[in-house]
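The values are calculated or read from the model by the stated rules, or taken from the named source; none is laboratory data. Not measured: the values here are computed from a predicted model. Heads up, the Cβs are rebuilt from the backbone with ideal geometry, glycines too, and the neighbour counts pull from every protein chain shown.
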Amino acid sequence: MTLLPRGADLTRSSASRVYDYGLGGSHNFAVDRRVLDAIKEVYPATPQPAVDNRAFLGRAVRACQRAGIRQFLDLGSGMPTVGNVHEIAQRGDPQARVVYVDVDPVAVAHGRAILGADPGTAVLEADMRDPERILRHPDVRDLLDFDQPIAVLMVAMAHYLADEDGPQQALATYRGVMRPGSLLVFSHMTADDHPEVRRTAEIFNAASADRLVLRSRAEIDRLLAGFRYLEPGLVHPADWRPDGPLQPGHEPARAACYAAVCEPAD
C-alpha cells in the first residue's frame, strides 16, 4: 500500500515515483505510470536508464566502503525499494550510517515507515537545492560526522537542477563539508548518443512537478569542476567498474546517462 501524507499532489507525477515504476516497484500511482509508458513509446530502451543507474549506485556504494567510507548522504533518495543504500552499506558494515533526503513527501513517508527506528538511518524531507539547510539539520548533524570522510550521493538527480538553481554552487557547498577521503557519487541524464531522449524529457516535464534538464558530456564535466574523477572517469553507468561482462545486447549508451565517482580536488 502506498502511503498518502497530507499535502501530497497526485495530479502530477514525481521523479521518485516514476523512477520506482521503472525499477518495477509498487510505490507509484497511475499518473506516474502514464508518464513512463508514454516515454517508452518514444524511447523503447526505457527503463534501462533507471536499471543501470540503480546497479551503478550499488557498485559505487561498495567502492566507497572499500575506500574506508562509513557514512552516506543520499540526496534525492527516492522511493524505498530493493537495494537501498543502507541495505548495501550495512551489509558490508552494520555500523554504516545513512541519511536519506528527498523533496517528495510520499517518498519520505515510505522511507520513514520502512526504516522505523533504525538508529543508523534518518529520512529528511528537504530539497537538494538548499544544501545549507540540509547540512545544518539536526538529524543530519546527529547521524553524520563531517570531521570524517563521507560519501555524498547525487545519483540521477542533478538533471533536476536548472541552471538558474545554481547547480555548481550547490555542489560546491556539499564539497565544502567533504573532508579528505570523501567521495561524490554522481550521474546525470544526457541526449548525447540518442537525440530522441529530448522528446522523453518534454513528456516528463509536461506531466511532472519536477523538471528534467538534459546536459551534454561537456556541460556535465563543467558541473563537476572542483572534483577529480576516479577511474574510469565519466562514463555510462554500466561501464563504471562492472562486476563482470555485460549481458549480450546490453548497450551502455542506451542508459542516456553519464556516471562518475569523484573526490574533491581541493
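So the values come out like this:
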read-out	value
Among (1) under 13 Å from residue 261 (Cα atoms); (2) free of Cβ contacts under 8 Å to residues at least 40 places away in the same chain, the one test that residue 198 misses	(1)
Filter pass, residue 113 being under 21 Å from residue 184 (Cβ atoms) and either of a type in the set (Ser, Thr, Tyr) or more than 17 Å from the chain's Cα centre (by Cα) (or both)	no
Filter result for residue 53 (polar (S, T, N, Q), at pLDDT below 90, closer than 27 Å to residue 204 by Cα and under 12 Å from the mean Cα position of the chain (by Cα))	no
Residue match in the range 63-76 (condition: charged (D, E, K, R), closer than 18 Å to residue 143 by Cβ, without any contact (Cβ under 8 Å) to a residue 60 or more places away in the chain and buried (at least 20 other Cβ atoms within 10 Å of the Cβ))	no
Inter-residue pairs, beta-carbon under 7 Å, first among the small types (Gly, Ala, Ser) and in the range 87-111, second in a helix (DSSP H, G or I) and surrounded by fewer than 21 Cβ atoms within 10 Å (Cβ to Cβ), 6+ apart	89/65; 92/62; 92/65; 96/90
Unique residue being closer than 22 Å to residue 91 by Cβ, within 19 Å of the chain's Cα centre (by Cα) and not hydroxyl-bearing (Ser, Thr, Tyr) when the list is 158, 122, 172	122
The range 41-50, residues that are in contact (Cβ under 8 Å) with a residue 60 or more places away in the chain and in a helix (DSSP H, G or I)	42, 48, 49, 50
Residues that are in a loop (DSSP other than H, G, I, E, B) and closer than 21 Å to residue 156 by Cα, drawn from the range 74-117	76, 77, 78, 79, 80, 81, 82, 83, 84, 103, 104
Wholly within the range 118-219, strands (runs of 3 or more DSSP E) carrying at least 3 residues that are of a type outside the set (S, T, N, Q) and modelled with pLDDT of 95 or more	151-154, 183-189
Failed criterion for residue 258 (all others in (1) touching a strand residue (DSSP E or B) at 6+ places or on another chain (Cβ under 7 Å); (2) more than 19 Å from residue 47 (Cβ to Cβ); (3) not in a loop (DSSP other than H, G, I, E, B) hold)	(2)
